[in-house]
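Notes for the one structure printed next.
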Amino acid sequence: MKYRPTVLNISVGLFLIGILIYTIVNHKILFEGEGWGIVFMFGLTLMGLLGGFIDLALQTIIRNTKLLNIIGSVVVALALGLIIISSLSFESTQKSDIDFGNQLISHIETYKLENGKLPETDDWKTLTALGFKIELTGTKPAYTKIDDENYELVYLEGFDGPYLLWNSKTKEWKVDFPAIPDRN
C-alpha cells in the first residue's frame, strides 16, 4: 500500500506534534501532584494514534482519495466539535460554581463578623442556613475550616483532583489540591 496524505492523517500528525510541544513546554505543571497531567497527555496521545489507525483502515478500504478526504474531514470536524462543546460546558459550569461560591463566601464572612468565629466544618444547621447544599458526602461545595481564621471551599468533581477551590488565605479561585486542615 502506497502512503497517501489525507486530511485525517495530516490532522493526526498535527495533533500529536501539538501534544508533544505542549508536554515539553508544560512538563512541570503536568508532573505536579501525582502526575495525572502526564497520564492525561498519554490518553490524548492514544486518541491521536487511534485516529491514525482509523485513517490506515479507511485507506485500506477506500481507494478514492476524494471520498477518503471527505470522510476524514467529517471525522476531524466531529472531534473538534466534541472538544469545543466539552470545553464550553466546563467553563460555563465553572462560572456558575464560582458565582454560587462567591455568594457563600459573602455569607461566611458575614457570619464570621457577627459571631466572631467561622462555622465548624460539620455544623450542618449553620451551613444550610448560610446557603450550602447538603449532600450525602457533605456540602457542595465542600466547606473546610482550616484553622480559626481560614477556610476553604472545594468543588469535588471527579475521583482525584486537582479541584476548583477558593481559599480564604489567598482570596482567589484556582484549580488546585485542598489544604490540610489544622487539627489542633
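Only the coordinates and a few stated rules stand behind these numbers; no lab work does. The model shown is predicted, which means the values in this text are computed figures rather than measured ones. Cβ sites come from the backbone with ideal geometry, for glycine too, and all protein chains shown count toward neighbours.
Would you kindly state how much longer the chain becomes between THR170 and LEU82 on full extension, computed as 0.36 nm times their sequence separation minus their alpha carbon distance, in nm to one decimal?
28.2 nm
Put a dot 7 Å past each Cα toward the Cβ at LYS125 and THR110; how far apart are the dots in nm?
That separation, rounded to one decimal, is 2.0 nm.
Work out how far the C-alpha atoms of segment 88-159 reach from end to end along every principal axis, then list the three figures in whole Å, largest first.
For segment 88-159, the Cα spread along each principal axis is 41, 23, 21 Å.
Hull surface divided by four, with the convex hull built on the Cα atoms of segment 1-86: how many nm²? Working shown, then result.
On the way: hull surface 24.9 nm².
Mean orientational projected area (segment 1-86, Cα hull): 6.2 nm².
Which FRET efficiency value, to the nearest 0.05, do you get for SER73 and ARG4 by plugging their Cβ-Cβ distance into 1/(1 + (r/R0)^6) with R0 = 22 Å?
Numbers: r = 15 Å, r/R0 = 0.68.
After rounding to 0.05, the efficiency reads 0.90.
Test of the criteria: in segment 96-184, which GluC sites (Glu not before Pro) are in a DSSP loop and have at most 12 other Cβ atoms within 10 angstrom of their Cβ? Write down the numbers at each step before the final one.
Working: sites: GLU109, GLU114, GLU120, GLU135, GLU149, GLU152, GLU157, GLU172; in loops: GLU120, GLU149, GLU157.
Answer in residue order: GLU120, GLU149.
Evaluate the relative contact order of segment 125-181 (contact order divided by residue number), counting alpha-carbon pairs under 8 angstrom at least 6 apart; express in whole percent.
Taking the mean separation of contacting Cα pairs over the length of segment 125-181, I get 23 percent.
For the pair GLN94 and ASP147, what calculated FRET efficiency results from E = 1/(1 + (r/R0)^6), where r is the Cβ-Cβ distance and R0 = 30 Å, to the nearest 0.05?
E(calc), rounded to 0.05, equals 0.65.
List, in order, the whole-Hz ³J(HN,Hα) value for each residue of segment 3-9 obtained from phi through the Karplus relation with A = 6.51, B = -1.76, C = 1.60 and θ = phi - 60°; use x for Gly and Pro.
With the stated coefficients, segment 3-9 comes to 5, 10, x, 10, 4, 5, 6 Hz.
So if I average 1/r over every pair of distinct C-alpha atoms in the chain and take the inverse, what Kirkwood radius in Å does that give?
20.0 Å
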